[in-house]
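> Would you mind keeping the following structure in view while I ask a few things?
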Amino acid sequence: MTPEDNTNKPLPSNSIKEFTAYKQTGFFDTLKQPRFSGQLELTSPNDRQWVFYLYLGRIVYATGGFHPVRRWRRNLSVYFPHMPSHLNALQSDIDGIPVEELRICWEYQLLCLWVEQQKVTLEQAAKMIRAIIVEVLFDITQAMQVTCKLSSEKSLSTRLVLIDAEQVIAEAQKLWQGWQAAKIADRFPDMAPIIAQPEQLQRKTSEQIYHTLSQLLDGQQTLRDLAVRMKRDVLTVTRSLLPYIQEGLVKLIPIPDFPAPAIPHISGIVSNSGSGHKHLIACVDDSPLVCQSMEKILTQSGYEFLGINDALRAIAILLSRKPDLIFLDLIMPNANGYEICSQLRKLSFFRHTPIVILTGNDGIIDRVRAKMVGSSDFLSKPVDAEIVVNVIRKHLREGVNYGSEEYV
């Protein structure tokens with residue numbers, strides 16, 4: 001079978017429990033025989049999603065998970081220390097890539113651009129890609145259970161490297177075995193250590209050690225970030241902090257991903273009332289039931305739907321997908337709607353995007369506060385289908401400004 005033999009339809013998905021290295025190897029082997037080219041999506045029970053891009057059954061690139069942008073920038077600093085990794089520098093290069101290509105994995109397209117411009121060598125790019133794939137496989141192994149979905153519609157046109165899955169799975173498995181042997185299998189390397197009890201920690205450590213820890217453990221760097229900063233492997237760093245973590249002096253907290261560069265819209269987009277592109281409507285809510293209800297309402301009304309249950313990853317996902325309107329839950333674990341709305345309004349791309357706050361508390365104080373952080377509207381839960389659709393039509397067709405006072 002040639003790559004052209006792949007159909008342009010999504011292939012059936014299936015769930016795999018205990019997705020161990022052995023099962024991973026077997027799964028990727030099943031993609032070699034038909035020489036599959038396209039995209040493999042893996043989703044964990046808590047909605048973390050990873051994407052593998054394949055060509056003829058071999059891996060071209062992998063992304064996704066909790067911190068795709070943070071992972072990419074971290075590996076960028078390791079393998080291309082001469083390349084600036086801050087958002088403004090990346091954005092200038094992003095703007096030089098055709099929009100159609102950016103729709104599929106912007107970070108890989110940047111690597112292709114840099115190789116073409118000879119800013120990095122093909123060998124350097126290959127090493128970075130391999131490291132990223134190994135890290136993704138480690139996270140998938142730690143997730144244990146995944147749902148797999150294959151699609152031949154989205155594939156990368158440029159292939160910098162083709163990697164045998166068996167090799168990178170073996171590397172990830174070696175790292176995972178070390179993690180298990182250290183009895184930290186329940187600790188996630190994408191969590192950030194922060195000092196929980198500074199006074200007690202100061203009493204238990206020397207002045208020099210406490211000073212070092214207070215400099216490093218600021219709650220803004222993951223265990224993986226610290227490992228790169230300290231030029232040590234993440235297992236060694238985590239084991240060195242484990243006694244403090246077990247005593248409750250240091251705790252591990254989830255932190256959000258870095259924002260992705262802005263991907264421009266393709267010109268010629270029209271509204272739902274005409275032919276062509278459908279409006280994409282996002283719903284950020286930790287309740288899967290709310291997202292399912294909104295999905296049903298919106299898809300039946302002819303809109304595309306994007307559901308986000310993870311508040312910490314919301315901004316990164318919204319930046320990558322660029323919805324036309326956002327429904328935002330007010331109360332969620334780890335982050336609330338006010339904070340997310342305020343952060344979105346600071347980003348130029350979302351400065352005028354309609355943001356509608358969803359809440360079970362329909363009080364005047366909440367409405368005023370929502371308006372102050374820049375929300376466009378305010379809806380009470382449970383949502384009513386007719387009201388939801390009318391709100392979308394009002395903001396997308398009548399161009400209501402987000403600072404309007406009509407909902408207060």
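> Looking only at the range 124-145, decide whether some residue is assigned to a loop (DSSP other than H, G, I, E, B) and out of contact with any Pro (no Cβ under 6 Å at 6 or more places or on another chain).
Yes, the range 124-145 contains a residue that is assigned to a loop (DSSP other than H, G, I, E, B) and out of contact with any Pro (no Cβ under 6 Å at 6 or more places or on another chain).
> Applying the selection to the range 266-296, what residues are touching a Gly at 6+ places or on another chain (Cβ under 8 Å), aliphatic (A, V, I, L, M) and modelled with pLDDT under 60?
ILE269, VAL270
> Continuing with this model, one more query. Criterion first (in contact with a Gly (Cβ under 8 Å, 6 or more places away or on another chain) and either touching a residue at least 12 places away in the same chain (Cβ under 8 Å) or outside the structural domain of ARG130 (by TED's automatic domain parsing) (or both)) does SER152 satisfy it?
So SER152 passes the test.
> Would you please list the contacts, defined by Cβ atoms under 8 Å and residues six or more apart or on different chains, that run from a residue in the range 188-216 that is in contact (Cβ under 8 Å) with a residue 60 or more places away in the chain and in a helix (DSSP H, G or I) to a residue that is among the hydroxyl-bearing types (Ser, Thr, Tyr) and exposed (fewer than 15 other Cβ atoms within 10 Å of the Cβ)?
Listed pairs, sorted by first residue: none to list.
> Within the group LEU217, LEU213, LEU226, which residue is crowded, with 18+ Cβ neighbours inside 10 Å, more than 26 Å from the chain's Cα centre (by Cα) and outside the structural domain of GLU107 (by TED's automatic domain parsing)?
After applying the criteria, what remains is LEU213.
> Do any helices (runs of 4 or more DSSP H) lying entirely in the range 291-372 carry at least 2 residues that are over 23 Å from the mean Cα position of the chain (by Cα) and either assigned by TED's automatic domain parsing to the domain that holds GLN49 or more than 27 Å from GLY65 (Cα to Cα) (or both), and which ones are they?
364-372
> What number of residues in the range 230-250 are over 22 Å from the mean Cα position of the chain (by Cα), assigned to a helix (DSSP H, G or I) and touching a residue at least 12 places away in the same chain (Cβ under 8 Å)?
Number of matching residues: 9.
The values are calculated or read from the model by the stated rules, or taken from the named source; none is laboratory data. Please read these numbers as outputs of a predicted model, since none were measured by experiment. Virtual Cβ from ideal backbone geometry, glycine too; neighbours counted across all protein chains shown.
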